[in-house]
Amino acid sequence: MKEIYQSLGISEPVYRLGEEILQTLAERFARIDETAEYNQLKVIRAMQRHKVSEACLLGTTGYGYNDLGRETLEAVYAEIFGTEDALVRPQITCGTHALALALMSNLRPGDELYSPVGKPYDTLEEVIGIRPSKGSLAEYGITYRQTDLLPDGSFDYDGIRASLNEKTKLVTIQRSKGYQTRPSFSVEKIGELIRFIKGIRPDMICMVDNCYGEFVERIEPTDVGADLVVGSLIKNPGGGLAPIGGYLAGKKECIENAAYRLTSPGLGKEVGASLGILPQFYQGLFLAPTVTASALKSAIFAANLYERHGFSVLPDGSEPRADIIQAVTFGNPDALIAFCEGIQSAAPVDSHVVPEPWDMPGYDAQVIMAAGAFVSGSSIELSADGPLKEPYSVYFQGGLTWPHGKLGILKSFQRLVDKGLVLC
Ligand SMILES: *Cc1c(COP(=O)(O)O)cnc(C)c1O
């Protein structure tokens with residue numbers, strides 16, 4: 001084993017360090033495998049109950065009327081999330097599109113959108129109109145309000161009670177911290193928040209941005225009262241195989257509204273050819289529980305390895321996980337760059353290219369990204385990125401297989417060692 005790692009550029013001390021860390025993680029990894037086992041069975045049971053058959057793997061063209069595979073897949077998603085209905089489409093281009101669709105279809109002029117968990121994901125600022133943008137909710141007369149989390153990361157229940165008003169129609173709760181420094185929320189915590197809100201306004205539509213959270217736990221937000229969950233298929237539920245797509249799962253009315261918006265009033269879910277993409281959607285979903293487990297193990301391994309060497313990591317090496325994102329703070333640009341170079345050099349695709357910081361549209365500092373992915377931009381595949389500014393944090397996620405995640409983290413650490421940025 002040591003030799004094959006050596007042939008990939010991992011020195012003996014770094015290899016040994018990795019093995020030492022892993023010995024301390026056996027118990028946690030076993031629990032992650034149990035969650036994957038449970039979720040794998042949940043997925044298989046849903047596929048069996050809805051009689052997924054060979055015919056479901058064929059695609060339609062043109063209008064896509066009576067697309068058996070598409071309709072069955074949506075029923076399978078609804079079953080897994082415990083909802084009345086679901087919309088799972090390649091015509092939903094990404095996570096932001098899925099979220100925009102959910103919001104634009106379920107809100108009307110005069111309604112207010114409310115976030116009780118502070119600022120939403122960056123790309124939603126333009127959807128909402130927090131940053132002015134063509135076609136935003138603000139342009140259609142939909143207002144927005146938010147309540148920040150308390151300094152300790154908990155919900156500001158008094159602030160939330162005071163913010164709910166007669167215009168509030170939809171509450172959006174982001175499960176994952178994304179690229180912020182607040183904690184990500186467990187499904188149980190989300191359930192508490194929804195119970196509180198519904199205690200005041202039983203009719204409120206509670207939506208959860210589920211990106212990066214699917215299959216991390218045995219339950220999903222829709223099991224604890226969410227009316228709608230939304231996510232991207234090039235993250236967890238696509239299992240690395242879906243090359244595009246987004247999903248919504250929830251109350252029949254919410255899904256119907258979204259379908260009328262995605263296609264057209266009057267057409268809704270009835271159209272939308274699946275072309276040839278359904279095998280990847282089904283097989284990706286089938287793999288998603290174990291792929292998510294691999295990404296979780298990779299994140300926990302990274303947290304423990306870097307924590308041991310004095311870097312601050314979020315979440316820390318021992319806390320429970322609510323999503324697959326791991327932040328490591330280096331406090332210096334050279335280490336951030338070295339980390340990303342190491343991740344890139346472990347990739348199955350484009351391992352020979354060296355990532356460099358660049359001026360990315362929409363960012364106030366240069367950003368460095370490592371991604372050697374089969375699906376462009378896929379962040380369920382091993383990937384890392386970070387802005388070149390204080391405190392020089394990298395956000396690391398994914399790993400379709402645990403051995404690849406492990407190699408990537410060892411390569412990142414090796415790069416820091418080789419550049420004299422850390423001692424091993
Ligand atoms: C990734 C992500 C999004 C947006 O998804 P894209 O596919 O990048 O558009 C929204 N919210 C959260 C929490 C995410 O992680």
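The values are calculated or read from the model by the stated rules, or taken from the named source; none is laboratory data. Given the structure is predicted, the values throughout are model-derived calculations rather than measurements. All Cβ positions, even for glycine, are placed from backbone atoms using ideal geometry, and neighbour counts span all protein chains on display. These area figures cover heavy atoms from the full protein model, side chains too; ligands, DNA and RNA do not enter into them. Shrake-Rupley method; radii C 1.70, N 1.55, O 1.52, S 1.80 Å.
Annotations
- Of the residues examined, Ser393 is one that is in contact (Cβ under 8 Å) with a residue 40 or more places away in the chain, in the same structural domain as Val328 (by TED's automatic domain parsing) and surrounded by fewer than 24 Cβ atoms within 10 Å (Cβ to Cβ).
- Considered as a group, the residues in the stretch 154-187 that are of a type in the set (Phe, Trp, Tyr) and within 16 Å of the ligand (Cβ to nearest atom) include one that is surrounded by the most Cβ atoms within 10 Å (Cβ to Cβ), and that residue is Phe185.
- For the stretch 356-386, residues that are surrounded by fewer than 20 Cβ atoms within 10 Å (Cβ to Cβ), part of a strand (DSSP E or B) and touching a helix residue (DSSP H, G or I) at 6+ places or on another chain (Cβ under 9 Å) total 1.
- Taken as a whole, the stretch 150-173 holds at least one residue that is among the aromatic types (Phe, Trp, Tyr) and in contact with a Phe, Trp or Tyr (Cβ under 7 Å, 6 or more places away or on another chain).
- Filter result (open to solvent by less than 40 Å² (accessible area, probe 1.4 Å), free of Cβ contacts under 8 Å to residues at least 24 places away in the same chain and away from the ligand (no atom under 16 Å from the Cβ)) within the stretch 113-153: Gly129
- Selected residue [within 20 Å of Asn210 (Cβ to Cβ), outside any loop (DSSP other than H, G, I, E, B) and within 15 Å of the chain's Cα centre (by Cα)] from Ala242, Ala327, Ala258: Ala327
- Exactly one residue out of Ser136, Ser115, Ser105 is farther than 30 Å from Pro243 by Cβ and either among the polar types (S, T, N, Q) or in contact with a strand residue (DSSP E or B) (Cβ under 7 Å, 6 or more places away or on another chain) (or both): that is Ser115.
- Count - residues of the stretch 90-112 that are assigned to a helix (DSSP H, G or I), within 8 Å of the ligand (Cβ to nearest atom) and surrounded by fewer than 21 Cβ atoms within 10 Å (Cβ to Cβ): 2
- Qualifying residues in the stretch 261-275 (those that are in a loop (DSSP other than H, G, I, E, B) and touching a helix residue (DSSP H, G or I) at 6+ places or on another chain (Cβ under 9 Å)) - the one surrounded by the most Cβ atoms within 10 Å (Cβ to Cβ): Ser274
Yes/no matrix, rows are residues, columns are (1) in contact (Cβ under 8 Å) with a residue 24 or more places away in the chain; (2) part of a strand (DSSP E or B); (3) open to solvent by 10 Å² or more (accessible area, probe 1.4 Å):
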residue: Asp334; (1), (2), (3): yes, no, yes
residue: Asp350; (1), (2), (3): no, no, yes
residue: Val354; (1), (2), (3): no, no, yes
residue: Gly405; (1), (2), (3): yes, no, no
residue: Gln414; (1), (2), (3): yes, no, yes
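- Any chance Ile190 is of a type in the set (Val, Ile, Thr) and either assigned to a loop (DSSP other than H, G, I, E, B) or within 15 Å of the ligand (Cβ to nearest atom) (or both): yes
- When Ser264 is tested against (1) more than 11 Å from Leu87 (Cα to Cα); (2) within 14 Å of the ligand (Cβ to nearest atom), just one condition goes unmet, and that condition is (2).
- A search for C-beta distances below 9 Å between a residue of the stretch 267-292 that is among the acidic types (Asp, Glu) and any residue that is open to solvent by less than 30 Å² (accessible area, probe 1.4 Å) and in a loop (DSSP other than H, G, I, E, B), counting only pairs 6+ apart in sequence or on different chains, returns Glu270/Gly64.
The rows are residues; the columns are (1) assigned by TED's automatic domain parsing to the domain that holds Glu214; (2) open to solvent by less than 50 Å² (accessible area, probe 1.4 Å); (3) in contact with a helix residue (DSSP H, G or I) (Cβ under 6 Å, 6 or more places away or on another chain).
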{"position": "Gly18", "(1), (2), (3)": "no, yes, yes"}
{"position": "Leu25", "(1), (2), (3)": "no, yes, no"}
{"position": "Ile32", "(1), (2), (3)": "no, yes, yes"}
{"position": "Ala46", "(1), (2), (3)": "no, yes, yes"}
{"position": "Lys51", "(1), (2), (3)": "no, no, no"}
{"position": "Gly64", "(1), (2), (3)": "yes, yes, no"}
{"position": "Ala75", "(1), (2), (3)": "yes, yes, no"}
{"position": "Glu84", "(1), (2), (3)": "yes, no, yes"}
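- Close Cβ contacts (under 8 Å, 6 or more residues apart or on different chains) running from residues in the stretch 166-177 that are over 20 Å from Ile219 (Cβ atoms) to residues that are of a type in the set (Asp, Glu) and in a loop (DSSP other than H, G, I, E, B) comprise Lys167/Asp111; Thr168/Asp111; Lys169/Asp111; Leu170/Asp111.
- Residues within the stretch 206-222 that are more than 8 Å from the ligand (Cβ to nearest atom) and of a type in the set (Phe, Trp, Tyr), tallied: 1
- When each of Val230, Val216 is tested for being buried (at least 24 other Cβ atoms within 10 Å of the Cβ), of a type outside the set (Gly, Ala, Ser) and touching a strand residue (DSSP E or B) at 6+ places or on another chain (Cβ under 8 Å), the lone residue that passes is Val230.
- Of all the residues in the stretch 276-298, those that are assigned to a loop (DSSP other than H, G, I, E, B) and either closer than 13 Å to Gln40 by Cβ or of a type in the set (Val, Ile, Thr) (or both) number 1.
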